[in-house]
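Below: the structure, in structure tokens.
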Amino acid sequence: MSLIIRRARVSDAAAITEQFADPAVYAGTLQMPYPNEELWAQRLVGQNPPTAGSSEIVLAAVLDDKPVGLAGLHPVGASVRRRHVMSLGITVSRAHQGQGVGHALMAALLDYADNWAQILRVELTVFHDNQRAIRLYERHGFAPEGRFKAYALRGGEYTDVLAMARLHPKPPQLPATD
Ligand SMILES: CC(C)(COP(=O)(O)OP(=O)(O)OC[C@H]1O[C@@H](n2cnc3c(N)ncnc32)[C@H](O)[C@@H]1OP(=O)(O)O)[C@@H](O)C(=O)NCCC(=O)NCCS
């Protein structure tokens, strides 16, 4: 499988919308059924070109010219004191789940966070029973920090999520002064 990881493009909106129309994808996230292609295109416009000074990024995993996965880092708010924190979201289309696409996206996103974008804490929420996602996050250094009860409605049930986070394993240091 020759998978390419690159920044998501506005022209990916149709493929992304198709991916998010599948309950095997949207049920694991906080997205709604019946996704809107125009809305996805708008979300991707901010990436192209990136807003000056923003470290927000959405990456696409592309196979045979078609996006099959998406992973992004997003600001957690406007607070200056939380500038070191980004929240993470990731999805892989049903047909490509369980084949390492999630691993490839996470490796690229965390390299960007650790080595280029000055991000020290990455946080996320995940449904408590989403074993594949929890496994993926643990493998990339995320640890559970708590459980939110009845956090979101999923298919008619208010469902708990785990809060997970990863601190930079080796934050860059300034050189010693003479
Ligand atoms: C969660 C998701 C992003 C993971 O991506 P993926 O490409 O399917 O995952 P990978 O193939 O890279 O595998 C990740 C790990 O999960 C493991 N795994 C696969 N299927 C599993 C299952 N049913 N239960 C537990 N672990 C599983 C894999 O073995 C791998 O761990 P390992 O490297 O230790 O062997 C993807 O399945 C997805 O998009 N799911 C629907 C949307 C979603 O839930 N997004 C997350 C929102 S928080």
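Any read-out appearing in this document is the output of simple, stated calculations on the displayed coordinates, not a laboratory observation. What you see is a predicted model; the values in this text were computed from it and never measured. No Cβ is skipped: glycine too gets one built from the backbone with ideal geometry, and neighbour counts run over all protein chains shown.
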Fully extended, how many nm does the chain gain between Arg6 and Ala95 (0.36 nm per residue separation, minus their Cα-Cα distance)? 30.0 nm
Given charges at beta-carbon only (K, R positive; D, E negative), |dipole| of the chain in Debye: 380
Most mobile of Asp64, Asp160, Asp12 in a GNM of the chain (Cα contacts under 10 Å): Asp64
Net charge of neighbours whose Cβ lies under 15 Å from the Cβ of Tyr34, counting Lys and Arg as +1 and Asp and Glu as -1: -4
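Decide, for region 4-167, between rounded, prolate and oblate: order the square roots of the alpha carbon gyration tensor eigenvalues as a ≥ b ≥ c, take rounded if a/c falls under 1.5, and otherwise choose prolate if a/b is larger than b/c, else oblate. Spell out each step's value before the answer.
On the way: a/c = 1.34, a/b = 1.02, b/c = 1.32.
Judged from the Cα gyration tensor, region 4-167 comes out rounded (a/c under 1.5).
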If you take every residue apart from Tyr137 with its C-beta less than 13 Å away from the C-beta of Tyr137, what net charge results, scoring Lys and Arg +1 and Asp and Glu -1? +1
Of Gly69, Ser54, Val85, whose Cα points farthest to the positive end of the dipole of the chain (charges on the beta-carbon: +1 Lys, Arg; -1 Asp, Glu; origin at the Cα centre)? Val85
With each pseudo-label sitting 7 Å past Cα toward Cβ, what's the Asp178-Arg121 distance in nm, one decimal? 3.8
